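Everything on this sheet refers to the single structure shown next.
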Amino acid sequence: MIDIRENISMKTYHTFGMDITTRYFVEYDTVEDLRSLLISPVIKSNNFLQIGGGSNLLFTKDYPGVILHSKIKDISVQDNEDCVILKVGAGVVWDDFVAYAVSNNWYGVENLSYIPGEVGASAVQNVGAYGVEAKDLIERVYAIEVETGVETIFTNEECQYGYRSSIFKTQLKGQYIITYVEYRLGKTPNYKLEYGNLKSAVGETPTLQYVRDAIIDIRRQKLPDPSEIGSAGSFFINPVIDLDIFLPLKEKYPNIVSYQLPDNKVKLSAAWLIDNAGWHGKKVGGASVYHKQCLVLINENNATPADIIELADQIKKSVYDKYGVDIVPEVIYI
Ligand code: EPU
């Protein structure tokens, strides 16, 4: 199936929920359809952008080209003695995949419950939460090269994963479209409950479903539900700085939230920096800093893209002025 539509509102296709229009919106549900699209006039004569669940994007204005969206939704299961390898279509809704894994008693993705978005994007973005990242579980990534239509299968190592980063965001940006992601999940319990108060939230005798429920609960308490309040989750990435820059900051701000990393690096909580620079609940036009989690900017009241950009710029500047630390958006501006 190839579905080409013209002048479509993106309001329901991205989580910020702004009413911007794309010239073309194109969906496909097989690799073959994607291949034929890539050589079709509509793609050849326009700029195009592949999106997933649109949960990490800020459209800054109407999009003059083609927005492509995968509806490849099949999942195949290779059942091994000690693990399962799931080959999951890029268009599967991420949390449907997590729910499916949990209901089959396959371990690994439960901490990533309730993250918005789709499976294809999970492999680009290396989504992460509560001590687990997609890269810990990704086996291989299937992708089609835009220029040639040829399929390449990337091993985990070849994806060059880092914190919220992969080769698909850096060196190979825009060159491949992900069609399937292979996840390796365990068949025996291997819970990761070290993050925050997860252990006490799950209780003495964890099950996959308890962990999933606890994570959903924590996320609901802190993060806005995209179906109710427009946002793109964390707006900024937590900055990583050198230890010798961190030490004087720690002296000045003893409560600063930080995590020691290897190689004399320190990761700071961007939420803390923003909160302590006085941004809690602040607004610009219809955009505001979410009152339960300062890292999240929300479309509170018909925000325009300019409102969000202005709020983000002001926050970035004020954090830099106060701490000398540069915070960079995780959200991609289109
Ligand atoms: N904090 C504040 N003020 C706030 C919120 C938090 O000071 O308004 C402090 C708290 O002390 C808290 C610390 O910041 O302990 C860290 O907060 P949290 O546990 O919420 O994690 P985060 O670093 O802010 C990251 C991810 C989230 C993910 C959580 C949980 C990034 C950019 N964000 O947030 O991912 O859910 O950890 O693992 O790494 C997303 O990417 O959209 C996302 C929601």
Looking only at segment 192-217, which residues are touching a residue at least 24 places away in the same chain (Cβ under 8 Å) and surrounded by 19 or more Cβ atoms within 10 Å (Cβ to Cβ)?
-> Leu198, Leu208, Val211, Arg212, Ile215
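Right, Glu6: in a strand (DSSP E or B) and under 21 Å from the mean Cα position of the chain (by Cα) or not? Break it down stepwise before answering.
Details: in a strand (DSSP E or B): yes; under 21 Å from the mean Cα position of the chain (by Cα): no.
In short, no.
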Gly131 being of a type outside the set (S, T, N, Q), within 16 Å of the ligand (Cβ to nearest atom) and surrounded by fewer than 18 Cβ atoms within 10 Å (Cβ to Cβ) = yes
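For (1) without any contact (Cβ under 8 Å) to a residue 40 or more places away in the chain; (2) touching a Pro at 6+ places or on another chain (Cβ under 9 Å); (3) of a type in the set (Gly, Ala, Ser), each residue gets a yes or a no:
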position: Ile4; (1), (2), (3): yes, no, no
position: Asn7; (1), (2), (3): yes, no, no
position: Asn46; (1), (2), (3): yes, yes, no
position: His69; (1), (2), (3): no, no, no
Residue check: is Asn238 surrounded by 15 or more Cβ atoms within 10 Å (Cβ to Cβ), polar (S, T, N, Q) and assigned to a helix (DSSP H, G or I)?
-> no
Just wondering, is there one or more residues in segment 63-74 that are among the hydroxyl-bearing types (Ser, Thr, Tyr) and within 19 Å of Val146 (Cα to Cα)?
-> yes
Enumeration of residues in segment 9-43 that are assigned to a strand (DSSP E or B) and free of Cβ contacts under 8 Å to residues at least 40 places away in the same chain = Ser9
Given (1) touching a helix residue (DSSP H, G or I) at 6+ places or on another chain (Cβ under 7 Å); (2) more than 26 Å from Tyr191 (Cβ to Cβ); (3) without any contact (Cβ under 8 Å) to a residue 40 or more places away in the chain, Val92 misses just (2)
Residues (within 13 Å of the ligand (Cβ to nearest atom), polar (S, T, N, Q) and either over 16 Å from Glu330 (Cβ atoms) or over 21 Å from the mean Cα position of the chain (by Cα) (or both)) located in segment 282-301 = Ser288
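Checking the conditions here, which among Ile332, Ile274 is touching a residue at least 40 places away in the same chain (Cβ under 8 Å), farther than 21 Å from Lys11 by Cα and either more than 12 Å from the ligand (Cβ to nearest atom) or touching a helix residue (DSSP H, G or I) at 6+ places or on another chain (Cβ under 7 Å) (or both)? Even if it seems obvious, please write down each step before you answer.
On the way: Ile332 fails: farther than 21 Å from Lys11 by Cα.
Exactly one of Ile332, Ile274 is touching a residue at least 40 places away in the same chain (Cβ under 8 Å), farther than 21 Å from Lys11 by Cα and either more than 12 Å from the ligand (Cβ to nearest atom) or touching a helix residue (DSSP H, G or I) at 6+ places or on another chain (Cβ under 7 Å) (or both), namely Ile274.
Going by the structure shown, is Asp313 within 30 Å of Ile20 (Cβ to Cβ) and either assigned to a helix (DSSP H, G or I) or near the ligand (Cβ under 10 Å from one of its atoms) (or both)? Walk me through it before giving the result.
Numbers: within 30 Å of Ile20 (Cβ to Cβ): yes; either assigned to a helix (DSSP H, G or I) or near the ligand (Cβ under 10 Å from one of its atoms) (or both): yes.
So Asp313 fits the description; yes.
Kindly establish whether Ile178 is within 16 Å of the ligand (Cβ to nearest atom), buried (at least 18 other Cβ atoms within 10 Å of the Cβ), of a type in the set (A, V, I, L, M, F, W, C) and within 22 Å of Tyr100 (Cα to Cα). Can you show your working first?
Details: within 16 Å of the ligand (Cβ to nearest atom): no; buried (at least 18 other Cβ atoms within 10 Å of the Cβ): yes; of a type in the set (A, V, I, L, M, F, W, C): yes; within 22 Å of Tyr100 (Cα to Cα): yes.
Criteria not met by Ile178.
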Per the filter on segment 26-45, residues crowded, with 16+ Cβ neighbours inside 10 Å and either over 21 Å from the mean Cα position of the chain (by Cα) or within 16 Å of the ligand (Cβ to nearest atom) (or both) are Val26, Tyr28, Asp29, Thr30, Val31, Asp33, Leu34, Arg35, Leu37, Leu38, Val42, Ile43
Determine, yes or no, whether Val141 is at pLDDT 95 or above and in contact with a Cys (Cβ under 7 Å, 6 or more places away or on another chain).
-> yes
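The values are calculated or read from the model by the stated rules, or taken from the named source; none is laboratory data. Keep in mind that this is a model prediction, so the values were computed, not measured. Here the Cβ is made from the backbone with ideal geometry for all residues, glycine too, and neighbour counts use every protein chain on show.
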